[in-house]
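Asks: Next up is a structure, given as structure tokens.
The values are calculated or read from the model by the stated rules, or taken from the named source; none is laboratory data. These numbers were taken from a predicted model, which means no experiment stands behind them. Cβ coordinates were reconstructed from backbone atoms using ideal geometry, including for glycine residues, and neighbour counts include every protein chain displayed. The accessibility values were calculated without ligands, DNA or RNA, using every heavy atom of the protein model including side chains. Shrake-Rupley method; radii C 1.70, N 1.55, O 1.52, S 1.80 Å.
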Amino acid sequence: MFPRRPTPALPAVSRRLALALPAVSRRLALALPALLPLAARAQPWAPSRPLRLVIPFPPGGTTDLVGRMVAERLGPLLGQPVVVENRAGAGGNVGGEYVVRAEPDGHTLLFTTIGTAAMNHAVFGPRMPWRPEEMASVGLVTRVPNVLMAPAASPVRDMAGFIAAARGRDVTYGSSGSGGSPHVCMELIGQVAGLKLTHVPFRGSGPMLTELLAGRLDFGMDNIPSAIGHIQGGRIQALAMTGARRAALLPQVPVVAETLPGFEATAWFGVQAGARNPPAALARVGAALDAITRDAAFRARLAEFGAAGPELTPEGGTTPEAFSAFVAAELGRWGAVIRQARITAE
């Protein structure tokens, strides 16, 4: 018989660790349910069914045209079809509210505009059906200049002539609707130049352009895609564009800033979603939009009707963060113009 060797004593630290292990395991087991959502959120997001891109205006306008261009390119990048759904009404608010209230699973998007995302909050005030923070910005798609126009027979030929004609007397101008980008843009021109202008709102670009063609309005303001055919056909005069630089589509037409230095006001279009949607979903769609907006073929298509890319990043593209900051700045800028002009929803 050999004498039993005494079991060496565990160091004090090891004994404490051994005693603590069961308690650590219990704590991990209790914490696991709370950690699982964090792990799920860290996983890459991909749509599990077709997405809906809600266009908050009727078919046929600039918003619908560009929105459908985006939808057909977005689907292949996300691996699911993107179905366009027109939900018009209340200056874009009907479609916007539908998206804000939709199931926050990343599958319902809004093709938003400067009016829906920025101007409407001041125009509708307490009647606005959602607050800015309830909508998340996903990506800016394009900027489109407005164009100041006159009937073909008008003696006014340029921006300086417009200011001279409007100074000291009341002139009429038409737009596609009260509180929209052309209306508010024209009010800003009036504020900067010190002019008194009488707004004549219409239900859409078509009726306004009909009256301008007939000479029953002194002037008109609209997004360039709606008016380009009449301008190129010589049926309407383009006096000035509201972008930062002359458009390649109409290089002979000056910009307002050549007469009123520093002036720039463009309509714009992008994608938003309800703020409750998963951040990973917004990031995935945002990355796809960035790829679309930097694609040469897409930009060439935009240039056909005077539109430009977002230019929010050094590469000329967009990100959710950059678009969010852009929308915040537009809310402040246009809110001030709208309040000064006392524009309210009809």
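Asks: Scan the stretch 92-110 residue by residue and report those that are open to solvent by 40 Å² or more (accessible area, probe 1.4 Å) and in a helix (DSSP H, G or I).
Replies: V94, E97, Y98, R101
Asks: For the stretch 131-178, name all the residues that are among the hydrophobic types (A, V, I, L, M, F, W, C) and under 15 Å from V200 (Cβ atoms). Show your work before the answer.
Replies: Narrowing the stretch 131-178 to residues among the hydrophobic types (A, V, I, L, M, F, W, C): 135-136, 138, 140-141, 144, 147-150, 152-153, 156, 159-160, 162-166, 171.
Hits for the stretch 131-178 are L148, M149, A150, A166, V171.
Asks: Further question: For the stretch 126-178, give me each residue that is within 30 Å of F111 (Cα to Cα), among the charged types (D, E, K, R) and touching a residue at least 60 places away in the same chain (Cβ under 8 Å).
Replies: The answer is R127, E133, E134, R143.
Asks: Between R169, R157, R203, which is over 30 Å from F326 (Cβ atoms), part of a loop (DSSP other than H, G, I, E, B) and out of contact with any strand residue (DSSP E or B) (no Cβ under 9 Å at 6 or more places or on another chain)?
Replies: Values: R157 fails: out of contact with any strand residue (DSSP E or B) (no Cβ under 9 Å at 6 or more places or on another chain); R203 fails: over 30 Å from F326 (Cβ atoms).
Only one candidate passes the filter, namely R169.
Asks: Please verify whether S178 is among the hydroxyl-bearing types (S, T, Y), farther than 15 Å from T344 by Cα, touching a Pro at 6+ places or on another chain (Cβ under 8 Å) and not in a helix (DSSP H, G or I), treating the condition exactly as stated.
Replies: Judged against the criteria, S178 is not a match.
Asks: So which pairs qualify, if the first residue must be in the stretch 312-327 and in a loop (DSSP other than H, G, I, E, B), the second must be aromatic (F, W, Y), the Cβ gap must be under 9 Å, and the two must be at least 6 apart or on different chains?
Replies: Filtered contacts from the stretch 312-327: L312/F323; L312/F326; T318/F326.
Asks: How many of the residues making up the stretch 63-86 are in a strand (DSSP E or B) and open to solvent by less than 30 Å² (accessible area, probe 1.4 Å)?
Replies: Of the residues in that region, 1 qualify.
Asks: Oh, and also: Pick out the one residue from Q272, Q252, Q340 that is out of contact with any strand residue (DSSP E or B) (no Cβ under 6 Å at 6 or more places or on another chain), outside any helix (DSSP H, G or I) and either over 24 Å from L197 (Cα atoms) or modelled with pLDDT under 95 (or both).
Replies: Step by step, each of Q272, Q252, Q340 is checked, and only Q252 is out of contact with any strand residue (DSSP E or B) (no Cβ under 6 Å at 6 or more places or on another chain), outside any helix (DSSP H, G or I) and either over 24 Å from L197 (Cα atoms) or modelled with pLDDT under 95 (or both).
Asks: Could you give me the residue pairs with C-beta distances under 8 Å whose first residue belongs to the stretch 242-254 and is hydrophobic (A, V, I, L, M, F, W, C), whose second residue is part of a loop (DSSP other than H, G, I, E, B) and open to solvent by 30 Å² or more (accessible area, probe 1.4 Å) wherever it lies, and which are 6+ apart or on separate chains?
Replies: Pairs found: A244/E264; L249/E304; V253/R246.
Asks: For the stretch 32-49, indicate whether the set of residues that are under 15 Å from G270 (Cα atoms), out of contact with any Pro (no Cβ under 6 Å at 6 or more places or on another chain) and either at pLDDT 95 or above or surrounded by fewer than 19 Cβ atoms within 10 Å (Cβ to Cβ) (or both) is non-empty.
Replies: Scanning the stretch 32-49, I find no residue that is under 15 Å from G270 (Cα atoms), out of contact with any Pro (no Cβ under 6 Å at 6 or more places or on another chain) and either at pLDDT 95 or above or surrounded by fewer than 19 Cβ atoms within 10 Å (Cβ to Cβ) (or both), so the answer is no.
Asks: Here's something else I'd like to know. Cβ-Cβ below 6 Å, separation at least six or inter-chain, first residue in the stretch 256-273 and free of Cβ contacts under 8 Å to residues at least 24 places away in the same chain, second surrounded by fewer than 18 Cβ atoms within 10 Å (Cβ to Cβ): which pairs?
Replies: Cβ pairs passing all conditions: E264/A244.
Asks: OK, next. Looking at P81, P76, P104, which is the one that is farther than 28 Å from C185 by Cα and free of Cβ contacts under 8 Å to residues at least 12 places away in the same chain? Working first, answer last.
Replies: Numbers: P81 fails: free of Cβ contacts under 8 Å to residues at least 12 places away in the same chain; P104 fails: free of Cβ contacts under 8 Å to residues at least 12 places away in the same chain.
Just one listed residue meets the conditions, P76.
Asks: So, in the stretch 281-311, how many residues would count as being open to solvent by less than 30 Å² (accessible area, probe 1.4 Å), assigned to a helix (DSSP H, G or I) and aliphatic (A, V, I, L, M)?
Replies: Number satisfying all stated conditions: 7.
Asks: Does G60 count as under 28 Å from R299 (Cβ atoms), free of Cβ contacts under 8 Å to residues at least 40 places away in the same chain and in a loop (DSSP other than H, G, I, E, B)?
Replies: Criteria met by G60.
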